[in-house]
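Undergrad: Got a structure here, written out as structure tokens. Questions coming.
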Amino acid sequence: DGGITQSPKYLFRKEGQNVTLSCEQNLNHDAMYWYRQDPGQGLRLIYYSQIVNDFQKGDIAEGYSVSREKKESFPLTVTSAQKNPTAFYLCASSMARTWGYTFGSGTRLTVV
Amino acid sequence: GNSVTQMEGPVTLSEEAFLTINCTYTATGYPSLFWYVQYPGEGLQLLLKATKADDKGSNKGFEATYRKETTSFHLEKGSVQVSDSAVYFCALAYPSNTGNQFYFGTGTSLTVIP
């Protein structure tokens with residue numbers, strides 16, 4: 001079955017460390033997205049990529065980095081520069097000229 | 001700019017009650033409108049959509065009508081069940097040849113009690 005896989009589901013990080021969240025899709029979707037979800041704030045766009053080797057900053061890109069070396073993969077690195085990284089992170093993908101995102105099941109990151 | 005405003009929650013209803021979750025939007029063009037549902041600990045799932053004015057999206061007993069004159073896309077269900085307990089997100093998006101960027105509301109938490 002096609003879908004988006006995010007891993008790990010739960011992640012703990014010490015302050016000052018970088019951590020990478022994985023997002024893989026086998027839907028042959030062109031575009032991929034990373035969102036951050038905080039209580040009461042809905043979803044905020046971090047980065048998105050519409051084609052391989054290209055990506056754009058979203059609304060809250062500071063302290064994050066991404067790469068898109070393969071169509072299937074869009075990893076997100078939360079760097080030590082991100083001041084408040086504890087959140088639920090959602091990856092999504094979509095195909096050109098069709099509607100709707102497919103979301104992954106999310107990664108909950110906690111900084112300890 | 002583009003934005004979506006949803007009614008604040010949480011909303012608590014008894015089983016079989018009527019549900020309305022209000023959603024209004026601000027848009028610079030002619031977006032499509034969506035409702036997504038998020039069950040605890042999971043990602044978001046598309047519930048329904050409407051791509052032009054006066055369209056009605058429907059799925060699993062939920063409905064929403066794209067009202068351009070009132071810039072609204074309210075979600076309704078005639079008789080809710082305990083299994084409908086989730087967070088509901090209203091969103092808008094524009095067509096694109098390479099993908100679509102969404103603008104989400106803040107979400108409305110619904111709890112249905114037996």
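The values are calculated or read from the model by the stated rules, or taken from the named source; none is laboratory data. Bear in mind the structure is a predicted one, so any value in this text is a computation, not a measurement. Heads up, the Cβs are rebuilt from the backbone with ideal geometry, glycines too, and the neighbour counts pull from every protein chain shown. Accessible surface is based on the protein model in full, side chains and every heavy atom, while ligands, DNA and RNA are left aside. Shrake-Rupley method; radii C 1.70, N 1.55, O 1.52, S 1.80 Å.
Undergrad: In the protein assembly as shown, what percent of the accessible surface is made up of carbon and sulfur (1.4 Å probe, ligands and nucleic acids excluded)?
TA: 47
Undergrad: May I pose another question? Ranked from the most accessible area to the least, with a 1.4 Å probe and all protein chains present, what is the order of A:H29, B:H74?
TA: B:H74, A:H29
Undergrad: Round to the nearest 10 and report in Å² the accessible area of B:K56, as given by a 1.4 Å probe over the protein chains' heavy atoms.
TA: It works out to around 120 Å².
Undergrad: What residue among B:A53, A:A92, A:T77 has its Cα farthest toward the positive end of the dipole of the protein assembly as shown, where the charges are +1 on Lys, Arg and -1 on Asp, Glu, each on the Cβ?
TA: My answer, from the dipole projection, is A:T77.
Undergrad: Separate question: So if each residue of separation counts as 0.36 nm, and I subtract the Cα-Cα distance between A:T5 and A:N53, what length gain in nm does that give?
TA: Gain on stretching A:T5 to A:N53: 15.3 nm.
Undergrad: Counting only protein heavy atoms and rolling a 1.4 Å probe, how much accessible area do B and A lose on contact, total for both sides, in Å² to 100?
TA: 1800
Undergrad: Please give the charge dipole size of chain B, origin at the Cα centre, charges +1 on K and R Cβ atoms and -1 on D and E Cβ atoms. Round to the nearest 20 debye.
TA: Result for chain B is approximately 340 debye, rounded to the nearest 20.
Undergrad: Okay, next question. Can you give me the Rg/Rh ratio for the protein assembly as shown, using Cα atoms for both radii and the Kirkwood formula for Rh?
TA: A ratio of 0.97.
Undergrad: With θ set to phi - 60° and the Karplus curve 6.51 cos²θ - 1.76 cosθ + 1.60, what are the ³J(HN,Hα) couplings of segment B:72-89 in order, to the nearest whole Hz, using x for Gly and Pro?
TA: Result, ordered by residue: 10, 8, 6, 8, 9, 8, x, 8, 7, 10, 4, 5, 7, 4, 5, 9, 10, 10 Hz.
Undergrad: Here is a follow-up. If amide hydrogens are placed 1.01 Å from N in the peptide plane, which non-local residues have theirs closer than 5 Å to the one on B:N59?
TA: The list, which skips near neighbours in sequence, is empty: none.
Undergrad: Whole-Hz Karplus ³J(HN,Hα) for segment B:28-37, in order, using 6.51 cos²θ - 1.76 cosθ + 1.60 and θ = phi - 60°, x for Gly and Pro?
TA: Karplus-based 3J(HN,Hα) across segment B:28-37 equals 8, x, 10, x, 9, 10, 9, 10, 10, 10 Hz.
Undergrad: Another question about this same structure. Can you pull the one-decimal nm distance between simple spin-label points at B:Q81 and B:R67, each 7 Å off the Cα toward Cβ?
TA: Going by the 7 Å Cα→Cβ label model, 2.8 nm.
Undergrad: Using a 7 Å offset from the Cα along the Cα-to-Cβ direction at both A:N28 and B:T28, what is the distance between the two label points in nm, to one decimal?
TA: Each label point lies 7 Å from its Cα, and together they span 3.4 nm.
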